[in-house]
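Trainee: One structure follows; several queries about it will come next.
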């Protein structure tokens, strides 16, 4: 869903009830693993920026929960570990909250944080 809210907590609260707990867990993982990133709303979704560039985001879409990781090499590195997810260049789509392996998401976030920052 593209949201007009100005903060991530409000974004999660307007998501469907059956997704809120999962979105909150993803948010917690982002806050824990993305040291030095700014949490904000960009493009109508929860986003995490470093040096002014969005590197990670998540969204509750109509048919899935999406995790956006702008570093394609990180997405490619974890492609096999993502199981049932539908994966594009930088978008990882999960049809059901139960399909999300939070341990793998945590590893993806740590790997993203460890890679050089995008130029702002």
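Trainee: Can you give me the relative contact order of the chain as a percent, contacts being Cα pairs under 8 Å and 6 or more apart? Write down the numbers at each step before the final one.
Mentor: Details: 183 pairs, mean separation 29.9, N = 120.
Result for the chain is 25 percent.
Trainee: Given the alpha-carbon gyration tensor of the chain, what are the semi-axes of its equivalent ellipsoid in whole angstrom, ordered largest first, with each equal to the square root of 5 times an eigenvalue?
Mentor: Computed over the chain, the values are 20, 18, 12 Å.
Trainee: A further question on this structure: Apply the Debye scattering formula to segment 68-117, with a single equal point scatterer on each alpha-carbon and no solvent, then give log10 I(q)/I(0) at q = 0.31 Å⁻¹.
Mentor: -1.38
Only the coordinates and a few stated rules stand behind these numbers; no lab work does. Bear in mind that the values here come from a model prediction, so they are computed numbers and not experimental data.
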